[in-house]
1. Looking only at the stretch 132-172, filter to residues that are buried (at least 22 other Cβ atoms within 10 Å of the Cβ) and not basic (Lys, Arg); which one of those is farthest from GLY110 (Cα to Cα)?
2. Would you be able to say whether some residue in the stretch 72-87 is touching a helix residue (DSSP H, G or I) at 6+ places or on another chain (Cβ under 7 Å) and farther than 22 Å from LEU209 by Cα?
3. Can you list residue pairs whose Cβ atoms sit under 8 Å apart, with the first residue in the stretch 251-264 being under 15 Å from VAL202 (Cα atoms) and the second being part of a helix (DSSP H, G or I) and among the charged types (D, E, K, R)? Count only pairs 6 or more apart in sequence or on different chains.
4. If I go through the stretch 66-84 residue by residue, how many of them are crowded, with 19+ Cβ neighbours inside 10 Å, not in a helix (DSSP H, G or I) and not aliphatic (A, V, I, L, M)?
5. Can you find a residue in the stretch 179-201 that is among the aliphatic types (A, V, I, L, M) and closer than 16 Å to THR123 by Cα?
6. Among the residues of the stretch 223-230, is there at least one that is modelled with pLDDT of 95 or more, crowded, with 19+ Cβ neighbours inside 10 Å and among the charged types (D, E, K, R)?
7. Out of all the residues in the stretch 85-101, which are aliphatic (A, V, I, L, M) and in a strand (DSSP E or B)?
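The values are calculated or read from the model by the stated rules, or taken from the named source; none is laboratory data. This structure is a prediction, so every number in the text was calculated from the model and none was measured. Cβ coordinates were reconstructed from backbone atoms using ideal geometry, including for glycine residues, and neighbour counts include every protein chain displayed.
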Amino acid sequence: MAPSTAVTSAAGGGTAAFPPLSSQGHGHGGGGGVTVNGVSKLYASADGEPSWALLNVSLDVRPGEFLCAIGPSGCGKTTLLNMMAGFIQPTRGALLFNGAPIAGPGPGQGVVFQDYALFPWLTAQRNVEFGLQMRGVGKAERRDRARKSLDMVGLLAAADRYPFELSGGMRQRVAVARALVNEPRILLMDEPFAAVDALTRVTLQTELLRIWQEIGFTVFFITHNIEESVFLGDRIVVMASRPGRIEAIIDNPLPRPRNRGEAAFGALYARVNDAFHRQGA
């Protein structure tokens with residue numbers, strides 16, 4: 001069996017051990033890369049006419065990087081994420097995860113949605129345990145893993161509370177914990193902070209960066225917020241619509257932690273903003 005990976009928990013100040021769930025290298029301890037080769041996706045529109053959600057998109061998501069994607073509604077961002085997650089297959093082209101074709105969802109690909117997608121009748125801990133239960137993990141082990149994952153996002157004290165008892169920010173932390181408990185190599189995030197207030201959003205951004213830096217997985221993060229992409233991303237993919245395609249890929253050289261008030265931050269924001277609006281967003 002592969003060795004355990006130790007993760008420092010900011011909430012509890014201790015060290016949480018996450019032994020791998022399988023022997024296939026899905027656990028923490030290194031980010032997973034995704035290669036997108038000439039991918040296109042064709043859908044039928046409301047009037048029955050075919051429409052390209054994505055057309056001839058190629059992209060390398062580097063292992064361990066934090067890659068942000070921005071673009072207007074309908075540019076295919078979510079379609080691309082869903083293909084990386086294995087939820088849907090491309091019409092043309094291929095996607096590889098760590099060099100292997102993506103044939104479907106797997107524990108190496110964690111997904112966090114905008115709307116939390118929590119079961120209202122389950123406690124925070126039981127929500128985090130759910131995926132492990134579906135995979136046949138024993139009760140004691142999944143309880144231990146869920147509590148360590150909740151501790152990592154600062155919600156161990158709320159383990160027995162139901163979603164209706166939690167704020168929007170706390171619910172999204174539960175959603176992140178639920179994804180992390182499966183020890184993904186890549187975390188796919190579809191506008192995860194769009195539904196929370198501005199102050200909570202900044203807090204969640206900082207917490208996500210802390211966890212990413214501690215564990216070392218890859219992140220593909222969709223957002224409509226240019227400032228958020230500049231604060232979080234190692235690179236920023238700017239997408240265009242009709243058909244969905246990549247307009248630009250912008251490197252972010254700003255050192256971490258980043259200061260939104262610095263001139264360099266504003267200059268990069270302006271560059272991304274220019275690319276965003278150049279394609280008619």
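1. LEU155
2. Taking the stretch 72-87 first, the residues touching a helix residue (DSSP H, G or I) at 6+ places or on another chain (Cβ under 7 Å) are none.
No: the stretch 72-87 contains no residue that is touching a helix residue (DSSP H, G or I) at 6+ places or on another chain (Cβ under 7 Å) and farther than 22 Å from LEU209 by Cα.
3. Matching pairs, first to second residue: ARG260/GLU227.
4. Residues meeting the conditions: 5.
5. Let us first name the residues in the stretch 179-201 that are among the aliphatic types (A, V, I, L, M), namely 179-181, 186-189, 194-196, 198-199.
From what is left, the residues that are closer than 16 Å to THR123 by Cα are 179, 181.
Taking every residue of the stretch 179-201 in turn, at least one turns out to be among the aliphatic types (A, V, I, L, M) and closer than 16 Å to THR123 by Cα.
6. Among the residues of the stretch 223-230, at least one is modelled with pLDDT of 95 or more, crowded, with 19+ Cβ neighbours inside 10 Å and among the charged types (D, E, K, R), which makes the answer yes.
7. Looking only at the stretch 85-101, we keep the residues that are aliphatic (A, V, I, L, M), and these are 85, 88, 94-96, 100.
ALA94, LEU95, LEU96, ALA100 - these are the residues of the stretch 85-101 that are aliphatic (A, V, I, L, M) and in a strand (DSSP E or B).
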